[in-house]
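The values are calculated or read from the model by the stated rules, or taken from the named source; none is laboratory data. Computed from a predicted model, the values in this text were never measured in an experiment. Backbone-built Cβ (ideal geometry, glycine too); neighbour counts: all protein chains shown. Note: accessible area is taken over every heavy atom of the protein model, side chains too, but ligands, DNA and RNA are not part of it. Shrake-Rupley method; radii C 1.70, N 1.55, O 1.52, S 1.80 Å.
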Amino acid sequence: MMRMTLLATLAFSLAITPATHASDIEHGGTLTVPIINTGFVDNYNPYTTKDLLHGVMFEPLMVFNNMTGETNFRLAKSYSYSDDLKTITLQLRDDLKWSDGTDLTAEDVVFSFMLTKEAPAFDQKGIWSGGNLQSIVAIDSTTVSFELKEPDSTFVWNLERYHIVPKHIWGEVEDFTTFTNPDPVGSGPMTEVSYLKSQQMELCRNPHYYIENKPYLDCINFRSYNDNSQIQPALIKGEIDWGSNFIASVESTFVKANEENHHYWYPANDAIHLYVNTKKPPFDDVKVRQALSMALDREAIVDIAAYGYPTANYNTGGIAELYKNHIDKDVNKDYGFLTEYNPDKAKSLLDKSGIIDRDGDGYRDNKDGSEISFDIEVVNGWTDWIQVVQMVTEYYDEIGIQANIKTVDWAVYDKNLKDGNYSMAINWSMVAANPIMAFQEYYATSRIGKTWHAGHGVHSKKIDKLIESFGQTGDKKEQKEIISKLQEFTAKKLPFIPLFSNPTWFQYSTERIVGWPNEENPYVQPVWYDGGKRVIIINNLHLK
């Protein structure tokens, strides 16, 4: 007998902002958003177009809303766990349709997850490579059952990241990884391709969207930009409605240009770290990693390089402001010295590690006499992070360590982080319903080669078991203890150096379109690059 456990409240987040009634809303209008890329191509495969189409052309099953703590059901209307936490039963909404009018059923959902077993590169959360998922079957047209080998109360949190695609089209595909999905059929609010050029793409309303009278908008227009510096003037001029990028001096530039309609809201987001490849000398020595952490003045980096928008992160346990309720104060008490700006202590640690200047050129060398000179990778065009890395190299120079900025294209950055082919790289942490998901990304051996966060080289079967034990219990106290142990492990090993808590970059214009989340109405974290959060916002937006 199935017991309904972990069944979230049916909080659809489909309602418009409280002050507005559906009957008052005029349909129409086009939302314009910027995308940093090298141009658009005729490819509508959600797995090979980064995060462009999720939540726009393809609807998620559900969204775990970290801002409200609710589960916002989308294609699915509920899920339940069995008593032994080994069976998940997912219930779809009735009468779902694809944008071509074909029924969307449990068979499509099963096919979509099985697809990622056939194409491991698409197994974004490692549900298959992790080895716990045994089978997925359709019980009837609206019911899907996931069978696990071992209990895992966290497993369901992975499901929102996978794309549900139409079996009647994708079932004919021979190679999913090269399929460009021409003439796309989707389930999201905007599925119809009305315009595609290198610098612009426009998607318009799904004629068979499952939510009556939604979306209110007619279309979304994507515009291609090379970097943040191009986006800023476009925002100021009112050419863009929704910005999700760093903007220098946002008050004096963007807001001041149109104080009535230009707004921003920067709630806490992911933790930003310097990921260190511990497989390479001298980073294989934890004292060197500690020294590199203590060499940084985080407040100065935030104030100067990032214009004061982030929050300096002094937490040594791998998490930051987003998960502030989970931070273990005892871990920070024991290891807090690692995030204090102390260049003299950093130099002393390097001396004790045998990392000294052996040839008198002013820079330290490895124990074997070889020169220490390494790159810190950052994506070309990410202007705020480039400035951050520039300051980091200057602080390292002060302790005799030669580090260099290396700007690379996204594709190179993506591959190098996943392959662990870097010395140091600035990158973010996982944003999820619970910090255990971030620790899974950091340490689970099943995630090596599949995520940007696991290439640092610090892994073990013992830590795998500790992470797995979180999902094997529903006891909140036990889960809290596991999170604390993982924080202590992170502080001891220091595979990444904490820098700051990133703000959620979110600028918006109410000149034409309203319904945005904000500090007064925080119905979702305003992240464009998260398809689940994005679709909730899209469904709330409408003409002014």
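Here Lys347 is the anchor, and the aspartates and glutamates within straight C-alpha reach of less than 15 Å, apart from those fewer than 8 places off in the same chain, are Asp285, Asp297, Asp357, Asp365, Glu394, Asp397, Glu398.
Its residue count N fixes a reference of 2.2 N^0.38 Å for segment 198-350, and the Cα radius of gyration divided by that reference is 1.46. The slack in the chain from Asp218 to Ser469, taken as 0.36 nm per residue of separation less the alpha-carbon distance, amounts to 85.7 nm. The residues of segment 423-492 expose, per residue, 39 Å² of accessible area to a 1.4 Å probe.
Using alpha carbons only, what's the Rg to Rh ratio of segment 447-544 with Rh from Kirkwood?
Details: Rg = 19.3 Å, Rh = 17.3 Å.
In segment 447-544, Rg relative to Rh is 1.12.
For the chain, complete DSSP H runs whose alpha carbons reach 20 Å or more along their own long axis and whose mean Kyte-Doolittle score is -0.5 or higher are 383-398. The spacing between segment 368-394 and segment 63-83, judged by their C-alpha centroids, is 40 Å.
For an R0 of 51 angstrom, estimate the FRET efficiency from the Cβ-Cβ distance between Lys480 and Asp103 and round to the nearest 0.05.
Details: r = 44 Å, r/R0 = 0.86.
Plugging the Cβ-Cβ distance into 1/(1 + (r/R0)^6) gives 0.70.
Here is the list for segment 110-164: trypsin sites (Lys or Arg not before Pro) lying in DSSP coil, each with at most 14 other C-beta atoms within 10 angstrom of its C-beta, are Lys149. Highest average first, the peptides 374-387, 126-139 ordered by how many other beta carbon atoms sit within 10 Å of their residues are 374-387, 126-139. Checking the cross-link pairs Lys77/Lys415; Lys125/Lys544; Lys279/Lys352; Lys476/Lys533; Lys125/Lys406; Lys50/Lys77 against a 30 Å limit on the alpha carbon distance flags Lys77/Lys415; Lys125/Lys544 as lying beyond it.
On the beta carbon distance between Lys492 and Lys324, with R0 = 25 Å, the FRET formula returns roughly 0.70.
Length gain on complete extension for the stretch Val41 to Thr393, per 0.36 nm per residue less the alpha carbon to alpha carbon distance?
On the way: separation 352, 0.36 × 352 = 126.72 nm, distance 3.67 nm.
So the extension gain works out to 123.1 nm.
Remark: spin-label model distance Glu511-Asp183 equals 4.0 nm, labels positioned 7 Å along the Cα→Cβ axis.
Could you state the number of Å between the C-alpha centres of segment 22-48 and segment 312-330? Measuring centre to centre over Cα atoms gives 35 Å. Note on the chain: the alpha carbon radius of gyration divided by the globular reference 2.2 N^0.38 Å gives 0.99. Beta bridges from DSSP with both residues in the chain: antiparallel share about 75 percent, rounded to the nearest 5.
The order of the peptides 339-352, 503-516, 55-68 by mean Cβ neighbours within 10 Å, most packed first, is 55-68, 503-516, 339-352. Summarising the label geometry, the points placed 7 Å from Cα in the beta-carbon direction at Asn380 and Ser252 lie 3.1 nm from one another. Kindly state, to the nearest 0.05, the FRET efficiency for Glu259 paired with Lys352, given R0 = 56 Å and r defined as their beta-carbon distance. Using R0 = 56 Å, I get an efficiency of 0.50.
Please tell me the relative contact order of the chain in percent, rounded to the nearest whole number, where contacts are Cα pairs under 8 Å and at least six residues apart. Display every interim value, and only then the final one.
Working: 1157 pairs, mean separation 116.1, N = 544.
Computed over the chain, the figure is 21 percent.
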